[in-house]
Amino acid sequence: MAKALRGFSLSIRSILRNRRISRKRALVEYQFAIIKRVFHFSHTLVTLSRRVRVKFMFSCFAYNLFALNIMKG
């Protein structure tokens, strides 16, 4: 995302680009907030990227069960 410098405004093209980026980010922000807050997945203690990926997959699976439980009532 582009940022305006002090005393200068962004061009229309940059504003529209920033809006497109924020719309894409907004789709997943809520899910990541739930994963971080409810499942305490703000950082990992494992170091290998494969292990982090597996741990994140389990967190996403837990989120899906959590969301299903909320939808179910």
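Does region 9-16 include one or more residues that are at pLDDT 90 or above and touching a helix residue (DSSP H, G or I) at 6+ places or on another chain (Cβ under 7 Å)? For region 9-16, residues at pLDDT 90 or above and touching a helix residue (DSSP H, G or I) at 6+ places or on another chain (Cβ under 7 Å): absent. In region 43-53, the residue that is farthest from the chain's Cα centre (by Cα) out of those that are surrounded by 10 or more Cβ atoms within 10 Å (Cβ to Cβ) and either acidic (Asp, Glu) or not in a helix (DSSP H, G or I) (or both) is Val46. Scanning region 1-48 for residues that are farther than 29 Å from Asn69 by Cα and among the polar types (S, T, N, Q) yields a total of 5.
Matching residues to (1) surrounded by 10 or more Cβ atoms within 10 Å (Cβ to Cβ); (2) touching a residue at least 60 places away in the same chain (Cβ under 8 Å); (3) in a helix (DSSP H, G or I):
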{"residue": "Phe8", "(1), (2), (3)": "no, no, no"}
{"residue": "Arg13", "(1), (2), (3)": "no, no, yes"}
{"residue": "Leu16", "(1), (2), (3)": "yes, no, yes"}
{"residue": "Arg23", "(1), (2), (3)": "no, no, yes"}
{"residue": "Lys36", "(1), (2), (3)": "yes, no, yes"}
{"residue": "Phe41", "(1), (2), (3)": "yes, no, no"}
{"residue": "Lys55", "(1), (2), (3)": "yes, no, yes"}
{"residue": "Asn69", "(1), (2), (3)": "no, no, yes"}
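The values are calculated or read from the model by the stated rules, or taken from the named source; none is laboratory data. This is a predicted model, so every value here is computed, not measured. Don't worry about glycine lacking a Cβ; one is built from the backbone with ideal geometry, like all the others, and counts go over all protein chains shown.
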